[in-house]
Every structure is written in structure tokens, then in C-alpha cells.
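The values are calculated or read from the model by the stated rules, or taken from the named source; none is laboratory data. What you see is a predicted model, and the numbers here were worked out from it, not measured in a lab. Here the Cβ is made from the backbone with ideal geometry for all residues, glycine too, and neighbour counts use every protein chain on show.
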Amino acid sequence: MSCEHLICARCAGPVSEAGCPACAAARAQVHHHGSGIGIPLAAAILLVLLLLMLAVQLTH
């Protein structure tokens, strides 16, 4: 989602310009990025580790 087409209900300005505290909060919420790794990436890493453990178990 992008905030370039959103209009602030408080100041009637574009949210992308963050003209008031409400705009700034809305823009921060729209452009909030998680700091951790995503769930699909974590699941893929877990799957690879399980496959490696299985391969090691079968070769010994």
C-alpha cells in the first residue's frame, strides 16, 4: 500500500507530505517494515535444516 494518494482527515493535505502529527503517524503506519525475518523465510530455513539433519542421519 502507498500513502501518496491518501488525504488526511485532520488537515486535508496529502499524507505523503506529513503536514500534521496525524499525517506523520499514518505515513509511519503505512510504511512500517518489520525488523525481523519473515515467516516464510523462517519456515524455509527450518525446512532446510530438517532436510540436512535427515540427510546426515541417513548417511550414518
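Could you pull out the residue among 44, 55, 18, 12 that is at pLDDT 85 or above, of a type outside the set (Val, Ile, Thr) and at positive phi?
Values: 44 fails: at positive phi; 55 fails: at positive phi; 18 fails: at pLDDT 85 or above.
One residue alone meets the criteria, 12.
Looking at residue 7 and the list (1) out of contact with any helix residue (DSSP H, G or I) (no Cβ under 8 Å at 6 or more places or on another chain); (2) modelled with pLDDT of 80 or more, which single condition is not satisfied?
(1)
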